[in-house]
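Heads up, the thing below is written out as structure tokens.
The values are calculated or read from the model by the stated rules, or taken from the named source; none is laboratory data. Given the structure is predicted, the values throughout are model-derived calculations rather than measurements. Backbone-built Cβ (ideal geometry, glycine too); neighbour counts: all protein chains shown.
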Amino acid sequence: MKLTEALDTFIQYITDQKRAPSTITAYSKDIEQLNNYLDIEEKVTSIVGISTEQLNNYIKKLKSDKNNSYTLKTISRKINSMKTYFKFLHSESVINSDPATSVKHPKYTISPPRILTKLEYRALRDVARYNTRLFTIVELLLQTGIRIGELTRLTIDDLNLDGNKKSLTIRVYASNPQREVVLNEPAEFALKAYLKQRPEPKEGVNSVFVTKNGNPLLVRNVRTSISRAFEKTGTQDATVNDIRNSFIVHQLKSGMPVEVVGAIVGHKRLTSTKKYLKLVDTNPKRKTTKINPL
């Protein structure tokens, strides 16, 4: 089987497994890069017969690539893609043995999640306040802990603003199940204020957040806007995901059980939430399931 055919077979498999589009894209790019190396540097045309030595040579090239300056964490991720790829090919009997089994990950130190200080997220909110859409985006991220992709996929039908309990419906996406996220008062007020000024969407567009021209707001638009806002505040090395990290730690500090926090933010595994407990330096005496405003 040719290299390109093997990759196509693998991508079809993980697509059928309903992996997230971002995951599929990452795997595809990683294996394409590997295939290009095998084709050009190792003169390999078939997926059969690839050796562990050739794969280790590829890893050495990544480490010495001065043009890209890959971090050890990035190289480790690419090795994960490689291992998953060859494990699949072996399980499907495309290859007789798995050459990636003995490929080792580089050792690196995992940095703890970046948490915004009260001064930093208040400064972010103040800068965003002059743009109703951006302010609402920042407020929703701060007060709900939802992912940036979940925010941009919100539709008007996902808003539950009637009755006593206001909430967002986060729809099924890839392997993530549907969940409801309650809105506290700051999030509710910001969202209602934005909806009053929301531009007229184009026909067929039902997204909550739209551009001035009525098109759906994209993830990259949100990242860019928030990055610029951080720059204006003088906050260093902060990203959109740090807002989510801050929500998680704040709720844990406020006495919310780790299981409840994990359910709100959509963690598949409790271990994903428990890692934040290392950043909680207090032991709240009173437990609560109510989202505490930041």
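Spot the failing condition for Ser28; the list is (1) in contact (Cβ under 8 Å) with a residue 12 or more places away in the chain; (2) within 22 Å of the chain's Cα centre (by Cα); (3) surrounded by fewer than 15 Cβ atoms within 10 Å (Cβ to Cβ), and only one is missed. For Ser28, the exception is condition (3).
Looking at Arg220, Arg244, Arg269, Arg198, just one residue is assigned by TED's automatic domain parsing to the domain that holds Val181 and either closer than 20 Å to Tyr130 by Cα or touching a Lys or Arg at 6+ places or on another chain (Cβ under 6 Å) (or both), and that residue is Arg198. If you go through segment 176-194 one residue at a time, do you hit one that is within 16 Å of the chain's Cα centre (by Cα) and surrounded by 14 or more Cβ atoms within 10 Å (Cβ to Cβ)? For segment 176-194, residues within 16 Å of the chain's Cα centre (by Cα) and surrounded by 14 or more Cβ atoms within 10 Å (Cβ to Cβ): present.
Any idea which of Lys63, Lys83 is within 30 Å of Tyr173 (Cα to Cα), under 29 Å from the mean Cα position of the chain (by Cα) and of a type in the set (Lys, Arg)? Exactly one residue qualifies, and that residue is Lys83.
Restrict the check to segment 252-259 and report whether at least one residue is polar (S, T, N, Q) and either within 18 Å of the chain's Cα centre (by Cα) or not assigned by TED's automatic domain parsing to the domain that holds Ser175 (or both).
No, there is no match, as no residue in segment 252-259 is polar (S, T, N, Q) and either within 18 Å of the chain's Cα centre (by Cα) or not assigned by TED's automatic domain parsing to the domain that holds Ser175 (or both).
For the subset of segment 148-171 comprising residues that are within 20 Å of Lys290 (Cβ to Cβ) and among the polar types (S, T, N, Q), which member is modelled with the lowest pLDDT? Here the residue is Asn164. Just name the residue that is farthest from Val265 (Cα to Cα) out of those in segment 129-170 that are surrounded by fewer than 19 Cβ atoms within 10 Å (Cβ to Cβ) and small (Gly, Ala, Ser). Taking the candidates together, the pick is Gly163.
Taken over segment 91-134, the criterion of being hydroxyl-bearing (Ser, Thr, Tyr), without any contact (Cβ under 8 Å) to a residue 40 or more places away in the chain and outside any loop (DSSP other than H, G, I, E, B) is satisfied by Ser91 alone. Can you confirm whether segment 51-69 contains a residue that is closer than 16 Å to Phe86 by Cα and exposed (fewer than 14 other Cβ atoms within 10 Å of the Cβ)? Yes, the conditions are met somewhere in segment 51-69.
If we keep just the residues of segment 70-92 that are among the hydroxyl-bearing types (Ser, Thr, Tyr) and at pLDDT below 95, which is surrounded by the most Cβ atoms within 10 Å (Cβ to Cβ)? Ranking the qualifying residues of segment 70-92, first place goes to Tyr70.
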